[in-house]
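Down below is the structure, laid out as structure tokens.
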Amino acid sequence: MRLADKRILLGVSGGIAAYKSAELVRRLKDQGAEVRVVMTRSAKEFITPLTLQAVSGHPVADSLLDPAAEAGMGHIELAKWADLVLITPASANLMARLAAGMADELLTTLCLATPATVALAPAMNQQMFRNAATQANLDTLASRGILLWGPDSGSQACGDVGPGRMLDPLELVERCCQQLTAEPLLAGVKLLLTAGPTREALDPVRYISNHSSGKMGYAIARAAREAGAEVTLVSGPVALAAPQGVERVDVESALQMHKAVMSRIGDCDLFIGCAAVADYRPAQVASQKIKKTGDNDQMTLTLVKNPDIIAAVGALSDKPFTVGFAAETVDVEQYALDKLRRKRLDMIAANDVSRAGQGFNADDNALTVFWQGGQAALPLADKLTLARHLVALIARHYRP
């Protein structure tokens, strides 16, 4: 009875996977949860309200303007009642409306009105899931703190094979248990995190930088916030929105990032250096745009070394638990272990950025994490999933 006294508002949208909702309600009740069901208009084309009423033991709500429902448990009270709002299946149409902030029927209105965590279990045709509009909506919803559980990949009702299958009801029950009953892994921990590239100016127009998009660091920030940490994100220039509940400090250069980190390091328990910090910067920055001159086909730049932020943190006598990153193209393990030792790190996450489809500017990544006397391989996955695994691994080894 892991969900005893927990209240779950189950939203059902239109899709063939709606038939699994009855099984999900039964399984949630087996764990002690009280479940109330809200259906969209299209959901009723796939499963009847009577079925879900029978398995939940409560009337099913499906109308925003139902006088009888508003006289009983109105939509605002229903939104306040829930400990968790779980929408399963979450269709492409429903997610698009949620991303737009629409309140055009009862379920979308409840999602806007509830203070509870909202989780979506996407289910749709694989091509619909891969569509750029759907992916943009998923990114928008994730940036607002909405949990995305799935989808799974495999054969689909239409005959296609690929991502878009709704997670199994038992897996969704387990996710609910973890969300509602588990003590947050990093509850009360103050995390300082760097992410993104740095830009080292040559003149007012040009700069030296790298291919880091910041996606991995921002995924870690979100995963750590979900795990209960108080997160401060020192970010180089990226085209990403800060995750909900994360304090963001914007910087441009390595010197600015170093200053931002060292001024805050004394107030943190955990430091993760995920930023791709430029090792060198121009010795002089031209005050005007550098012009081509004559027939000179070459330009000579003098570079000076930037401060090593992760080494500076590792050298502190009262350093926080410190996790570094090693983005390498050859001998990944050797370089990572050397960096772990030289810079007095507690853990280091290494990735091979020479591999296509992972690392810089990609949506997916794979990591091998090393610590004194151990290591763990985190296989290729989307960066948010990978970040959640990494945060869980760090939490197991973190010592205040």
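The values are calculated or read from the model by the stated rules, or taken from the named source; none is laboratory data. Not measured: the values here are computed from a predicted model. Backbone-built Cβ (ideal geometry, glycine too); neighbour counts: all protein chains shown. The area values use the complete protein model at the heavy-atom level, side chains included, leaving out ligands, DNA and RNA. Shrake-Rupley method; radii C 1.70, N 1.55, O 1.52, S 1.80 Å.
Okay, here's what the table says:
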| read-out | value |
| --- | --- |
| Residue among Glu23, Glu77 that alone is part of a helix (DSSP H, G or I), of a type in the set (D, E, K, R) and free of Cβ contacts under 8 Å to residues at least 60 places away in the same chain | Glu77 |
| Answer residue from the stretch 362-400, given it is open to solvent by 20 Å² or more (accessible area, probe 1.4 Å) and part of a loop (DSSP other than H, G, I, E, B) and is nearest to Ala326 (Cα to Cα) among those | Gln372 |
| Residue within the stretch 182-205 that is in contact (Cβ under 8 Å) with a residue 24 or more places away in the chain, touching a Lys or Arg at 6+ places or on another chain (Cβ under 7 Å), more than 29 Å from Ile8 (Cα to Cα) and open to solvent by 70 Å² or more (accessible area, probe 1.4 Å) present | yes |
| One residue from Ala219, Ala121, Ala187, Ala136 being assigned to a loop (DSSP other than H, G, I, E, B) and either under 18 Å from the mean Cα position of the chain (by Cα) or at positive phi (or both) | Ala187 |
| Residue within the stretch 291-305 that is touching a residue at least 40 places away in the same chain (Cβ under 8 Å) and of a type outside the set (A, V, I, L, M, F, W, C) present | no |
| Selection status of Ser317, exposed (fewer than 14 other Cβ atoms within 10 Å of the Cβ), touching a residue at least 60 places away in the same chain (Cβ under 8 Å) and not in a strand (DSSP E or B) | no |
| The stretch 39-64, residues that are among the hydrophobic types (A, V, I, L, M, F, W, C) and either open to solvent by 60 Å² or more (accessible area, probe 1.4 Å) or more than 15 Å from Ala121 (Cα to Cα) (or both) | Phe46, Ile47, Leu50, Leu52, Ala54, Val55, Val60, Ala61, Leu64 |
| Hey, Leu3 open to solvent by less than 60 Å² (accessible area, probe 1.4 Å), in a loop (DSSP other than H, G, I, E, B) and over 22 Å from Ser91 (Cα atoms) or not | yes |
| Residue within the stretch 345-357 that is surrounded by fewer than 16 Cβ atoms within 10 Å (Cβ to Cβ), within 18 Å of Lys215 (Cβ to Cβ) and of a type in the set (A, V, I, L, M, F, W, C) present | yes |
| Pick from the stretch 206-225, criterion open to solvent by less than 30 Å² (accessible area, probe 1.4 Å) and among the small types (Gly, Ala, Ser), ranking: nearest to Lys292 (Cα to Cα) | Ser212 |
| One residue from Ala336, Ala312, Ala275 being modelled with pLDDT of 90 or more and either over 24 Å from His397 (Cα atoms) or surrounded by fewer than 19 Cβ atoms within 10 Å (Cβ to Cβ) (or both) | Ala312 |
| Condition check for Asn351: assigned to a strand (DSSP E or B) and among the polar types (S, T, N, Q) | yes |
| Test: residue in the stretch 323-342 that is within 30 Å of Ala132 (Cα to Cα), assigned to a strand (DSSP E or B) and not hydrophobic (A, V, I, L, M, F, W, C) | no |
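Okay, residues lined up against (1) touching a strand residue (DSSP E or B) at 6+ places or on another chain (Cβ under 9 Å); (2) loosely packed, with under 14 Cβ neighbours inside 10 Å; (3) modelled with pLDDT under 95:
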site	(1), (2), (3)
Glu70	no, no, yes
Val85	yes, no, no
Asp104	no, yes, yes
Ser143	no, no, yes
Leu147	yes, no, yes
